[in-house]
Amino acid sequence: MGRRLWIDASAGVAGDMLLGALLDAGARLGAVQEAVATVAPGAVDLVPDRVTRAGLAATQLHVRPRARAEEHRAWPELRRLLEGAALPGPVHDLALATFARLAVAESRAHGVPEEQVHFHEVGAWDSVADVVGVAAALHDLAVDHVSCTRVGLGSGTVRTAHGTMPVPVPAVVELLGASSVEAAADADLVGECATPTGVALLAEVTQGHGPVNAPPGRVTGSGVGAGSRDTAGRANVVRVVLHEQTDEAEDTDTGEEALVELAATVDDLDPRAWPPVLETLLAAGALDAWLVPVHMKKGRPGVVVHALARPADRAAVAEVMMRHTSTLGVRWHEVGRFVLDRVWREVRLGDDGTTVRVKLGLRDGVVQTVTPEFEDVRAVAEATGRPVRHLLRDVEVAAQLAGWEPGAEI
Ligand SMILES: O=C([S-])c1cc(C(=O)S)c[n+]([C@@H]2O[C@H](COP(=O)(O)O)[C@@H](O)[C@H]2O)c1
Ligand code: NI
């Protein structure tokens, strides 16, 4: 079994800060440089520097482009570059998955199809170096489980290639909406503290069950990565802690979440309204939503609509039940659930660049379930006319060939 890493992103996170922290924790600069040079030969120099931030010693990583940096890079071009790079499997997969996540966020933020996404700063060599560098550093440190705190986002505005943007910038909002990474409520943080690349990396590497506020078990190493600004009173850093599970910590790592379940019983809603009700519940933050047919008083057929949600989303989910159905009230109670760690991977179907995401359910780094993302499969079925059941089989075979099958360690 490899090592566990806890990331303190409570003051924010950027790709270079995370990489600085991992180098400070012992990842070898040579191994990181080699991986970055595999993707971008001769493009950048990685130069770590010892600095202080609000009096705290930290490593600031400078990614220095050797030539004038590319300002725009299309996602399909970057994807081809990463796919063709001869990197160790886990480094390759993590770098590709992180940029795929950024492409989805950019596509949503700008309302363009993923294939037409043009990265600006995010596609420049320094971001490529941050992403590949973090993947290589985690591999070098043999990290196989990552948890993190809530993330400090910052406040105000930031100047970007898109113009001046409010913080959190749209790409960060999209990334948070599509992952289990949670934002901290922190009024002290000024400016852009969490960047798209930093949040995409956290979303991709953290497994498990929401924010963890302290590294459980025995500490075996640590590192501090500096951001470029030095603000008095609050260190602009990412901290990482390597830790081992003791028996006591292991007992608490059951993958258990505290959630709420909401329900309402309805017998007078037009049945055609139910599918949009379920969609609206999910859009409001429900983790799951479902209907159960019931026989009510006076023998009337009815429906109980249920939703599972995080406690923070309870009010929004109840509001949807009350606005979108004819119920006069909503019941709720606290529930616990056990969950597997979940990570996303992408498989390629055929030679035309078609990809489908698969969700892997993990327990202690061992694959338990492999689930093709149905909406991706449906989109391919619509685009190609191939039956969904054939595509589902092909995705499972492709996942198996990539080594993602029940019982495999990743
Ligand atoms: O590069 C792109 S496409 C980009 C999109 C957005 C959106 O929110 S949309 C924001 N930014 C800004 O670029 C810099 C650098 O980001 P890194 O993740 O590469 O560190 C940052 O200020 C982002 O907010 C870029
Ligand atoms: Ni953008």
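The values are calculated or read from the model by the stated rules, or taken from the named source; none is laboratory data. These numbers come from a predicted model, not from an experiment. Backbone-built Cβ (ideal geometry, glycine too); neighbour counts: all protein chains shown.
List of remarks:
- The single condition among (1) buried (at least 16 other Cβ atoms within 10 Å of the Cβ); (2) more than 25 Å from the chain's Cα centre (by Cα); (3) within 16 Å of ligand 1 (Cβ to nearest atom) that residue 58 does not meet is (3).
- If the condition is being surrounded by fewer than 19 Cβ atoms within 10 Å (Cβ to Cβ) and near ligand 1 (Cβ under 9 Å from one of its atoms), then the stretch 119-153 contributes 120, 121.
- Entirely in the stretch 1-69, the strands (runs of 3 or more DSSP E) that have 3 or more residues that are at pLDDT 95 or above and touching a Gly at 6+ places or on another chain (Cβ under 6 Å): 56-65
- Segments classed as strands (runs of 3 or more DSSP E), wholly inside the stretch 295-392, with at least 3 members that are over 20 Å from residue 179 (Cα atoms): 301-309, 331-338
- Residue list for the stretch 56-80, filter: closer than 19 Å to residue 139 by Cβ and among the hydrophobic types (A, V, I, L, M, F, W, C): 61, 63
- Failed item in (1) within 15 Å of ligand 1 (Cβ to nearest atom); (2) at pLDDT below 95, with residue 95 passing the rest: (2)
- In this structure, residue 134 does not satisfy being more than 16 Å from ligand 2 (Cβ to nearest atom), of a type in the set (Val, Ile, Thr), assigned to a strand (DSSP E or B) and closer than 28 Å to residue 222 by Cβ.
- Counted residues, the stretch 80-94 - those being part of a helix (DSSP H, G or I) and among the hydrophobic types (A, V, I, L, M, F, W, C): 4
- Identity of the residue in the stretch 182-208, over 27 Å from residue 57 (Cβ atoms) and within 12 Å of the chain's Cα centre (by Cα), that ends up modelled with the lowest pLDDT: 208
- Qualifying position, being under 25 Å from residue 261 (Cα atoms) and under 22 Å from the mean Cα position of the chain (by Cα), among 341, 364, 376: 341
- The stretch 27-39 residues that are free of Cβ contacts under 8 Å to residues at least 40 places away in the same chain, paired with ones that are among the polar types (S, T, N, Q) and part of a helix (DSSP H, G or I) (beta carbon under 8 Å, 6 or more apart): none
- Considering 76, 48, 88, 41, the condition of being of a type outside the set (A, V, I, L, M), in contact with a His (Cβ under 7 Å, 6 or more places away or on another chain) and farther than 22 Å from residue 215 by Cβ is satisfied by 88 alone.
- Residue 50 free of Cβ contacts under 8 Å to residues at least 24 places away in the same chain, surrounded by fewer than 14 Cβ atoms within 10 Å (Cβ to Cβ) and in the same structural domain as residue 238 (by TED's automatic domain parsing): yes
- Candidate set from the stretch 164-208 (those that are near ligand 1 (Cβ under 10 Å from one of its atoms) and of a type in the set (D, E, K, R)); member that is surrounded by the fewest Cβ atoms within 10 Å (Cβ to Cβ): 174
- Residue within the stretch 326-344 that is of a type outside the set (Val, Ile, Thr), without any contact (Cβ under 8 Å) to a residue 40 or more places away in the chain and on the phi > 0 side of the Ramachandran plot present: no
- Residue 177 meets each of the listed conditions (1) modelled with pLDDT of 95 or more; (2) within 16 Å of ligand 2 (Cβ to nearest atom) apart from (1).
- Test for residue 385: is it exposed (fewer than 15 other Cβ atoms within 10 Å of the Cβ) and assigned by TED's automatic domain parsing to the domain that holds residue 261: no
- Any hit, the stretch 154-163, residues being surrounded by 18 or more Cβ atoms within 10 Å (Cβ to Cβ) and either farther than 18 Å from residue 17 by Cα or more than 12 Å from ligand 1 (Cβ to nearest atom) (or both): no
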